[in-house]
Amino acid sequence: MTTPSMRKYPCCPGPTWVKAADFGHAEGIDFTLGRCDVCSRYWMHLWTPYAPDAGYVALDDATAGELVTIPAGPDRRRRLQELFDV
Ligand SMILES: [Zn+2]
C-alpha cells in the first residue's frame, strides 16, 4: 500500500470542487467525495479535527465508482482504510 499523494487544493484554480457523495467517518476521519467542475477529476476530501490540513486526495474513476457502490457500513469503512492508509 502506497500512501496517496496529498494535495491541499484540487487541480484547477478557483472553487471547482463539487460534492458528489458523503462517505461518513472511518478512523475519526470524515470522507467526502467530490469532483472537479472543470476537469471532472475525482477528489476525496479528508477531514479530521486532529489534522486540519488533511486535504484532498486524487481518486481515479474506477475507485470512485467502486466506493459509491459499497453500502455504508463496515465494508466501506474497511475499503476507505485500505485506500487511504488510515
Ligand atoms: Zn480540475
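Calculate the all-directions average of the projected area of the chain's alpha-carbon convex hull, and give it in nm². Let's see the in-between values first.
On the way: hull surface 21.3 nm².
Answer in nm², one decimal: 5.3.
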Q) Put a dot 7 Å past each Cα toward the Cβ at Glu82 and Ala21; how far apart are the dots in nm? A) 1.5
Q. Residue-wise, which Karplus ³J(HN,Hα) couplings in Hz belong to region 22-27, taking 6.51 cos²θ - 1.76 cosθ + 1.60, θ = phi - 60°, and x for glycine or proline?
A. 9, 9, x, 9, 9, 6
Q: Enumerate the amide H contacts of Phe23 below 5 Å, restricted to partners 5 or more residues apart or on another chain; note that Pro and chain-start residues carry no placed amide H.
A: Phe31, Thr32, Leu33
Q) Hey, what did the chain get for relative contact order, percent, Cα under 8 Å, at least 6 apart? A) 28
Q: With θ set to phi - 60°, apply the Karplus curve 6.51 cos²θ - 1.76 cosθ + 1.60 along region 73-85 and write out the HN-Hα couplings as whole Hz, x wherever there is a Gly or Pro.
A: x, x, 4, 5, 4, 5, 5, 4, 5, 5, 5, 10, 6
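Mind checking the full-extension length gain between Val68 and Asp30? Use 0.36 nm per residue of separation minus the Cα-Cα distance, one decimal, nm.
That pair, Val68 and Asp30, stretches by 12.1 nm at full extension.
Each value in this text was obtained by applying a stated rule to the coordinates, not by laboratory testing. Small disclaimer: the values here were computed from a predicted structure and weren't measured. Heads up, the Cβs are rebuilt from the backbone with ideal geometry, glycines too, and the neighbour counts pull from every protein chain shown.
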